[in-house]
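Asker: Okay, here's the structure, questions in a sec.
No lab work stands behind these numbers, since they all come straight from the coordinates. In this text, all values refer to a predicted model and were calculated from it rather than measured experimentally. When we count neighbours, we look across all protein chains shown, and the Cβ atoms used for this are built from the backbone with ideal geometry, even at glycine.
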Amino acid sequence: MTAEQAVHPSPNDSGDTGEALPGLFSRQHAAATLTFATVMFLTGFAALAVVPTLPTAAEDLDGVPLFPLVAGSFVAASLLGGVLGGHWADRSGARRPLALGMVLSVVTLLVSASSLSIWQLVVGRFVDGLAAGMVAVSVTTAIGQSYPEYLRPRMLAMMSASWIIPSLVGPPIAGVVAEAWSWRVVFYGLAALTALPAVALVAVLRRAPAGDDARAADLPPADERASRPPLLVAALLSLGAALGQYGVSGWDTRHLLFVAAGVALLVVFAPRLLPAGTWRSARGLPTAVLLRGLTSGTYFTVEALVPLMLITERRVAAVTVGVAFTASAVLWAVASWVQGKLLQDVARHRLVTVGALVMAASVVFAVVGSFSGVSPLLAMAAMPLAAIGMGMLDPCVTVLSLSHSAPDRLGHTTSAMQTNMNLGQVVVLAFATAVLNAGLAAGASRLGGYAIAFSLLLVPTLLVAVLAVRARKDANP
């Protein structure tokens, strides 16, 4: 990637020359496009195969009450990984954090596969989150640095499309392997499949340093750029997220103290990593970052709690739940392609509103599907329906965020998006888990507790539908 790759005319700048604008696979962009697609393919294959097996792993390790921590530790570490990756990408290019993230992704699969307790699985998921945060921010930053604005929606759609094949084969195969052998075989197998391509990718990136150096040379000197948040802040924020997730797993005094400590760390340190005015929905970038957190938090909670309910309470086979994950990934990619190709002339903030309303409908499905007299397939349908909403709105939120960012702040912006995405996942899942446990403590049935927890998710989805207009491209503070 060179500095020249980051500067192209927009579609409106072509004038009367009649020259075709460079596409994703043009000479200027082909190498970057193929590299990013490969990274997303590998990441998607590992993620989509692992997640459906986590409820089974938690049950096997006698750790179902700590399942929110298993899911939340990944998110907590992603906070630190995202800040580290964004800071690193702005300073020296996205190549190095991307390479390190890919190597760590292999290490974490081995740690999780050999888990002897639920706590080792938590550690494995934490390392995985660190790697995922670095990879996600590095790829998004590189897209902002390498493509003109008119190509960004298409490239982001391709990132979703790169998950199609992993989504078709990953979850069903993982479900079959977990049922026939063990969930551990899934982790070991993924480590073996990912190791060689990850090493190859690192080697390719190491042989092409010039692009990053040229890009870095085009930015202001390091001492003239805006200051970046210290990594200690991100580490404390990750700690707060982890403490909060652990705290909501119980209702005794010890757990409540963990919740209080976690909330205090989040309240004190989160604003330092986000644009000013994010939590009050200031117009422009702050609202775009806020929307990323609300939508990701809702989707992550649906993806975490619906399978847990189906496997542990409704006794749905893991392979069947894997099919729901497959459908979700495919429909996310299809919806993302539709917004990037067929609806490219529609205002991005309007598509965000539509996607949020679709997600609200999926929450209703989850609530109704929680009742014992209703087929569990209805709750399962909430997952692909929520994926349609996310596929529609998530690339739009990213494009809106990048449109509000200066060229030398792309890493900082994508890091802020990643940070609030992870914060949203932590906070929404924690609230839903707290509501679930509170319902159980009050004497509600387990399925009734899930229904109450899912009902809570209507709040963030409807907020996104209302606030989307404040993130439009011409919405400046």
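Asker: Label-point separation (nm) for residue 323 and residue 342, each offset 7 Å from Cα along Cα-to-Cβ?
Answerer: A separation of 2.5 nm, rounded to one decimal place.
Asker: Then there's this: Under the classification rounded if a/c is under 1.5, otherwise prolate if a/b is larger than b/c and oblate if not, where does region 221-340 fall, given a ≥ b ≥ c as square roots of the Cα gyration tensor eigenvalues? Don't jump to the answer; show the numbers that get you there.
Answerer: Numbers: a/c = 2.56, a/b = 1.26, b/c = 2.04.
It is oblate, given that a/c is not under 1.5 and a/b is not larger than b/c.
Asker: How do 245-251, 256-262 rank on mean C-beta neighbours within 10 Å, highest first? Please list the in-between numbers first.
Answerer: Working: 245-251: 21.9, 256-262: 16.4.
Top to bottom by mean Cβ count within 10 Å: 245-251, 256-262.
Asker: Further, regarding this structure: Determine the distance separating the Cα centre of region 331-390 from the Cα centre of region 413-477; give it in Å without decimals.
Answerer: Region 331-390 and region 413-477 have Cα centres separated by 15 Å.
Asker: Express in whole angstrom the spacing between the alpha-carbon centres of region 261-294 and region 48-111.
Answerer: Result: 22 Å between the Cα centres.
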